[in-house]
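Please treat every number below as a calculation from the coordinates, not as lab data. Worth saying up front: this structure is predicted, and the values here are computed from it rather than measured. Note: ideal-geometry Cβ built from the backbone for every residue, glycine included; neighbour counts use all protein chains shown.
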Amino acid sequence: MAHSNSHSPSSTKAHQPSSVSPLHHSGSTTMSDRSRDYFIDKRLYQLYTRLRECNPSVLDMVNALNFVLKQYPALGPVIGTCHDLECFIEAVESYEQEGAL
């Protein structure tokens, strides 16, 4: 007869190292005063809206946006802090208000 342990391994895994780094809050007030410029074009806007429809985690959304931002540096810097993300979203909102859809 097979021996069974009363303690079975958990199906959830402990947090394992990842190549994804979380967004960091800016550490100083001077950083929050600095604005980040993003150029939102039709394609970047469509990517952003499609991602929002999928409702991914913020980190997954930022990784997808950063993938494009790295390929097209003229659109703006990669999103590395919460402040950067706020600036990006403000740029998207400005794009929407301008009716450039």
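Structural remarks
- Calculated on the alpha-carbon coordinates, the convex hull of the range 35-97 measures out at 75 cubic angstrom per residue.
- A simple spin-label model places the labels of GLN46 and CYS82 3.3 nm from each other, with each point 7 Å out along Cα-to-Cβ.
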